[in-house]
Amino acid sequence: MAKLTFQTDLCKGCGLCVNACNKGLLVIDTGKINKKGYSPAVLTDPEKCVGCAFCATMCPDCIITVEK
């Protein structure tokens, strides 16, 4: 099982990581607003994450860390 860490206060909610996730495990959480005023991306089911790091690679702000 992989561990994804998001720096949610730096996320601008662009959705590139959401589109990059092959498993469809990332969503933009419209119920939350971070310090920058954006809705951040969140991982919906950590148990299903395989740690491919496509999301981290696509993030233009490098706010996603993947640990295996």
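At a glance:
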| read-out | value |
| --- | --- |
| Selection status of residue 30, exposed (fewer than 13 other Cβ atoms within 10 Å of the Cβ) and in a loop (DSSP other than H, G, I, E, B) | yes |
| Cross-chain or 6+ apart pairs with Cβ under 6 Å, segment 42-68 first and acidic (Asp, Glu), then open to solvent by 60 Å² or more (accessible area, probe 1.4 Å) and not in a loop (DSSP other than H, G, I, E, B) | 61/10; 67/3 |
| Per-region count, segment 42-52, residues over 9 Å from the mean Cα position of the chain (by Cα) and buried (at least 17 other Cβ atoms within 10 Å of the Cβ) | 1 |
| Some residue of segment 4-25 being touching a Ser or Thr at 6+ places or on another chain (Cβ under 6 Å), open to solvent by less than 70 Å² (accessible area, probe 1.4 Å) and not small (Gly, Ala, Ser) | yes |
| Selection within segment 53-68 - part of a loop (DSSP other than H, G, I, E, B), on the phi < 0 side of the Ramachandran plot and in contact with a helix residue (DSSP H, G or I) (Cβ under 8 Å, 6 or more places away or on another chain) | 59, 60, 61, 63 |
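The values are calculated or read from the model by the stated rules, or taken from the named source; none is laboratory data. Predicted model, so just to flag it, every value in this text is computed and none were measured. Using ideal geometry, Cβ is built from the backbone for each residue, glycine included, and neighbour counts are taken over all protein chains shown. Surface accessibility is based on the protein's heavy atoms, side chains included, excluding ligands, DNA and RNA. Shrake-Rupley method; radii C 1.70, N 1.55, O 1.52, S 1.80 Å.
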